[in-house]
Amino acid sequence: MLVKEGEHWGFNGKGFKNKTKLLEYMCEQGLLHKKEFIKKLTSSSRRTNDETIKKLYTLFSKETPLYIDTEKIYRLMLLSSNLMLKSNDKICFTIMFENPYEYWTGAQIVQKAKYNNTLPLSKEKIEQSLNRYVEGENPIIMRQNNAGEMQYAINFTNFIYYITQFDKKK
């Protein structure tokens with residue numbers, strides 16, 4: 001499993017096994033009450049408010065104990081065939097996982113890669129590699145244009161699904 005500590009909460013790397021485990025996790029770790037999640041919106045017992053939203057945001061963006069096992073991802077990338085990930089792709093993803101919440105430019109990736117290898121890399125080739133993963137049903141890479149320069153970031157969920165489910169696709 002690529003997500004550590006997930007088994008305790010019934011998290012399988014893609015989602016929780018059932019709603020009960022998810023609610024247990026949110027109530028215990030997010031200091032939320034079950035009444036905040038009553039399904040019927042008009043119920044007088046429902047306690048959902050702006051504070052609930054803030055707690056959920058904090059829980060899933062900052063305090064969650066579910067984190068990515070980068071060593072296992074690196075091993076999977078290293079052992080993967082070129083059908084799944086090309087050499088430039090592996091370099092890009094390895095560098096981007098050092099700070100996965102940051103948007104990276106092709107030039108930043110080339111500069112960072114210079115410290116770790118002697119392969120001749122170009123900004124254009126790196127951007128070409130990353131652009132392959134921007135389109136599609138579940139894109140691995142998110143792209144944004146910032147002052148005329150393309151920036152890229154990893155979409156964790158889609159990346160983990162891609163790397164673990166590649167051999168199961170038709």
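Things worth noting here:
- For the peptides 21-33, 86-98, 145-157, the ranking by packing is 86-98, 21-33, 145-157, with the highest mean count of neighbouring Cβ atoms within 10 Å listed first.
- Rounded FRET efficiency, nearest 0.05, which uses the C-beta distance separating THR164 from GLU124 and R0 of 41 Å: 0.85
- Estimated FRET transfer efficiency (PHE97, ASN49; beta-carbon r; R0 41 Å; 0.05): 0.65
- Point-to-point label distance, THR20-MET142, nm (Cα→Cβ direction, 7 Å offset): 3.4 nm
- R0 of 41 Å, Cβ-Cβ distance LEU31-LYS72: FRET efficiency to nearest 0.05: 0.85
Here, each number is a calculation from the coordinates, and none is a lab measurement. Small disclaimer: the values here were computed from a predicted structure and weren't measured. With ideal geometry, Cβ positions are generated from the backbone for all residues, glycine too; neighbour counts draw on all protein chains shown.
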